[in-house]
1. Under the definition of Cα pairs under 8 Å and six or more residues apart, what whole-number percent is the relative contact order of the chain?
2. Can you give me the % of accessible surface on the chain that is carbon or sulfur? Probe 1.4 Å, all protein chains present, nothing else counted.
3. In Å², and per residue, what accessible area does the chain have when probed at 1.4 Å with the other protein chains present?
4. Relative contact order for segment 327-405: what is it in percent, counting Cα pairs under 8 Å that are at least 6 residues apart?
5. For segment 164-210, run through the GluC sites (Glu not before Pro) and keep only the ones in DSSP coil with at most 16 other Cβ atoms within 10 Å of their Cβ.
6. Can you spot the lysines whose alpha carbon is less than 22 Å from Lys262's alpha carbon? Ignore those fewer than 8 places along the same chain.
7. Springs between alpha-carbon pairs under 10 angstrom, Gaussian network model over the chain: which of Val321, Val400, Val370 fluctuates most?
8. Past 20 Å, Cα to Cα, is the threshold; run Lys112/Lys284; Lys123/Lys335; Lys10/Lys284; Lys33/Lys55; Lys10/Lys332 against it and keep the listed order.
Amino acid sequence: MRDTQQQWFKDAKYGLFIHFGLYALLAGEYNGKRTDNIAEWIMNDLDIPVAEYEKLAAQFNPVEFNADEIARMAKEWGMKYLTFTSKHHDGFALYHSKCSKYNIVDASPYGKDMVAELAGACKKYGLKLCLYYSQAQDWHHPDGYRANYDNSHKNFRRYLDEKCLPQVREILENYGEIGMIWFDTPMEMTDAESREVFDLVKSIQPDCIVSGRIGNDIGQYMTTGDNDIPSLPFYGDWEVPATLNETWGYDRFDDTWKAPEKIIRLLLKINSRGGNYLLNIGPKADGSVPRPSLEILDAVGAYLSRNGESIYATRAVENYVYDVEDMLFTAKSGKLFLHMLQPPTMNRIRLNNIANTVKKAYLLHNGKEVRIDCGKNCEGDSYWHIVLPEDTVYDPVDTVVCVEIGEEWPKFEPLR
Ligand code: JFZ
C-alpha cells in the first residue's frame, strides 16, 4: 500500500495545481495554427524549434501574477496545498536557477523568482508549497527527453548531471519546506535513475513527498492518469490531478469549463474512495487567473466552508453493496457522512445491509436532528431507515447528514 507517511497529505483531500510558463503567451496557437492538445505541449505538438520558442522568454512579463492573492484565494477555496510548475517539459524555470540561464529571473523582463513569491505566500496562509518538476522531459536541453520523438541519440546522463539533479537540489534548498515534488512523465528513465532522483530529494528534505510519477513504481503515492478517477475505493495514499476545462496551461480557445456542481461531485467521488483532488488553474500570460476558474473555485469553496467536516481527514469508504443513486459516502473515525446529491423522496431513505449502530445523526449544515431507525429486515439483513425533518431545506448540490456510529468505520453486510 502506498504511504506518504505525511499526515498532512492524508488529511488534505484538496489542493491547487498551477500550470504556468512561456506557453501561456501562445495560449493554444502558434503562427496561426491552433493546437488540438493541452496548451502547455504546444512547443512539442506544433514542432516549434527551440530557437523560436525560447524567444518567448523575452516577452514574458506576467505583471498581474499575484502570489499572495493566489495563496489567499486557495486558502479560501478550502485547499490545503499548492503545487506549482517550477519547470515544465519546455525546460523554462519559473525560479532563479543557477544551473540554467533559461529561467524567469535571468531571461525574462519579469525578473522575479515566482517560486520564492509563492513560498512566502504559502507560509503566510498556511498552505503546503509543493513543486511540479519535469525530471525527464526537457525540450530545451539537448539531452532532455521529448515525448513522441527519437530519444536514442540523447545523452540523458548529461542532462541529469547538468540540469535535472542540480535543479531538484535548488528547489529543495532555497525555498524552505517543500511538501512534495510532483514529478512527471518519467519516460525511459531506468530504475537506478528514478532512485537517484528520489534519494536526492530525501537527502535534502526527508519529509518531502515524492509523487507517483517519479518513475519505476517508486513513488510514495499513486498518481492517477489526468482527470482519471478510480471506480472503486483505493487504499493507501493517492491523488487525481485534474483540470477545470480541458487543458493545464492557458488556452484562449478552451471554454469547456466544468460547472461547480460537477467539481463538487468529482471531489466527493475521489474523497469517498480515499484520494486527494489536485485541481488546476492555468494563468494567462499576464499572470491573471481566468475569471471562469475563479468563479468555479469560489463556488466550490463556499460548499466546503459549509461541509468541510465531511471532506477533510476522511478515509476511503468500502464499496457499499448497493447502487444508491444520488448518494455518496465519506467517513472518518466514528462518523459516516451521507451525501445526498438530490433531495430524497418524501424526506426518507432506506439503506439495507448497513450494520452500524447509530449514536446520533444530524444535518451537517445546521445540526438539526435526523431520525434513523435501525433493525433487521425479514431476510435478516440490517437496515437503516433515515427520516429527515419535514422542513429540511436541501442544498442544491449536496445535503450532508452526519451519522455518529458506534463503531470506528462503516460496516456494510455482503450480499449473500
Ligand atoms: C502530464 C504533462 O505532460 C501535462 O502537461 C500536465 O502537466 C499533466 C499534469 O501531467 O500529462 C500526463 C502525464 C501522464 C499521464 C497523463 C498525462 N498518464 O500517465 O496517464
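1. Rounded, it is 16 percent for the chain.
2. Of the solvent-accessible surface of the chain, carbon and sulfur hold 48 percent.
3. Value for the chain: 41 Å² per residue.
4. 42 percent
5. Glu177, Glu188
6. Reachable lysines: Lys13, Lys75, Lys80.
7. Val321
8. Beyond 20 Å: Lys123/Lys335; Lys10/Lys284.
The values are calculated or read from the model by the stated rules, or taken from the named source; none is laboratory data. These figures come from a predicted structure and were not determined experimentally. Positions of Cβ are backbone-derived with ideal geometry, glycine not excepted, and every protein chain shown enters the neighbour counts. All accessible areas refer to the heavy atoms of the entire protein, side chains included, with ligands and DNA or RNA removed. Shrake-Rupley method; radii C 1.70, N 1.55, O 1.52, S 1.80 Å.
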